[in-house]
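Undergrad: Please find one structure pasted underneath; my questions will follow.
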Amino acid sequence: MKKRYAFLSLFLIMTLQACAEEKPVEAETAKVENAVVVSDANQWVEGEHYKVLNEEVAETSDVTEFFSFWCPHCFNFEPIAEKIKQQLESTVRFNKVHVNFMRFTGPETQNAATQAMLVGRLLNKEDELNQAIFSYIHLQQQPINGLAELKTIFQAKGVEPAEFDKLIASDELASLFEQNSQTITTFGQHISGVPNIIVNGKYQATFTSDMNRDDMVELVVWLSKQS
């Protein structure tokens, strides 16, 4: 896949378009409210708030967030992603797909971060370990050059180096890595940058400048209920 370099606008909160900043920014301190907002179906307009990518929805319901650990907008999007997960129906899976085409570092290093994310998934500690990687890059502003740094980050969170190495070399992780890559290939023509959300393999969310955080959550949850 060719590298894509995204140059996009940061709106009131952020867009769901792409990460263009070269330097990391601090995480937003504002908290996402926990209240569930009842959606008015008439407020979401095809072509303005979402795109239809396919004629039919996928066999399984899911919300897929394409992201990069190096993208500051993805870092700032984490509280919104968490609220989306909280409000999705139990039958809808939230899946994070890590991309390797950002300009902040090379594809090998980005692939190593994908592997680390999947180690966290296999350990059922994905959220915690993802946050550790984000913090290392954006708050501590430390470089990651490969698996060695990622192993150290995970060790600080209680993951034994031997366990990390075992999972990195496992067939199960190799299969998950292939699935991650295949998802990028499948939707690559629609992913010009990150963060980017595709719902049920059919709808792509578009966040406009007049939307606040609750609106973003509401849109994605609403899309997850569409046929």
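Undergrad: Might you let me know whether the stretch 210-219 holds any residue that is open to solvent by less than 40 Å² (accessible area, probe 1.4 Å) and of a type in the set (S, T, N, Q)?
TA: No, the stretch 210-219 has no match at all.
Undergrad: Would you point out the residue of the stretch 90-130, among those that are among the aliphatic types (A, V, I, L, M) and in a loop (DSSP other than H, G, I, E, B), that is modelled with the lowest pLDDT?
TA: Applying the filter and picking the extreme gives Met102.
Residue by residue, here is whether (1) under 13 Å from Val194 (Cβ atoms); (2) aromatic (Phe, Trp, Tyr); (3) touching a residue at least 40 places away in the same chain (Cβ under 8 Å); (4) open to solvent by less than 10 Å² (accessible area, probe 1.4 Å) holds:
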position	(1), (2), (3), (4)
Phe67	yes, yes, yes, yes
Pro72	yes, no, yes, yes
Lys83	no, no, yes, yes
Val97	yes, no, yes, yes
Gln110	yes, no, yes, yes
Gly120	no, no, no, yes
Leu123	no, no, yes, no
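Undergrad: A further question follows. Applying the selection to the stretch 187-212, what residues are under 17 Å from Ser68 (Cβ atoms) and of a type in the set (Ser, Thr, Tyr)?
TA: Ser192
Conditions (1) under 13 Å from the mean Cα position of the chain (by Cα); (2) among the aromatic types (Phe, Trp, Tyr); (3) closer than 22 Å to Asp171 by Cα, marked per residue:
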site: Glu78; (1), (2), (3): yes, no, no
site: Glu82; (1), (2), (3): yes, no, no
site: Val99; (1), (2), (3): yes, no, yes
site: Thr105; (1), (2), (3): no, no, no
site: Ala112; (1), (2), (3): no, no, yes
site: Val119; (1), (2), (3): no, no, yes
site: Asn124; (1), (2), (3): no, no, yes
site: Asn130; (1), (2), (3): yes, no, yes
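Undergrad: Go through the stretch 159-183 and give me each residue that's open to solvent by less than 60 Å² (accessible area, probe 1.4 Å) and in a loop (DSSP other than H, G, I, E, B).
TA: Passing the criteria: Val159, Ser170.
Undergrad: Something else now. What single numbered condition from (1) at pLDDT 95 or above; (2) surrounded by fewer than 21 Cβ atoms within 10 Å (Cβ to Cβ) fails to hold for Ile133?
TA: Single failed check for Ile133: (2).
Undergrad: Filter the stretch 37-64 down to residues that are among the aliphatic types (A, V, I, L, M) and either at pLDDT 85 or above or over 26 Å from Val97 (Cβ atoms) (or both) and give me whichever is most open to solvent (accessible area, probe 1.4 Å).
TA: Val38
Undergrad: Can you pull out the residues in the stretch 112-163 that are out of contact with any strand residue (DSSP E or B) (no Cβ under 8 Å at 6 or more places or on another chain) and of a type in the set (Asp, Glu)?
TA: Answer for the stretch 112-163, where residues must be out of contact with any strand residue (DSSP E or B) (no Cβ under 8 Å at 6 or more places or on another chain) and of a type in the set (Asp, Glu): Asp127, Glu128, Glu149, Glu160, Glu163.
The values are calculated or read from the model by the stated rules, or taken from the named source; none is laboratory data. Given the structure is predicted, the values throughout are model-derived calculations rather than measurements. All Cβ positions, glycine included, derive from the backbone under ideal geometry; neighbour counts span all protein chains shown. Accessible surface areas use protein heavy atoms only, side chains included; no ligands, DNA or RNA. Shrake-Rupley method; radii C 1.70, N 1.55, O 1.52, S 1.80 Å.
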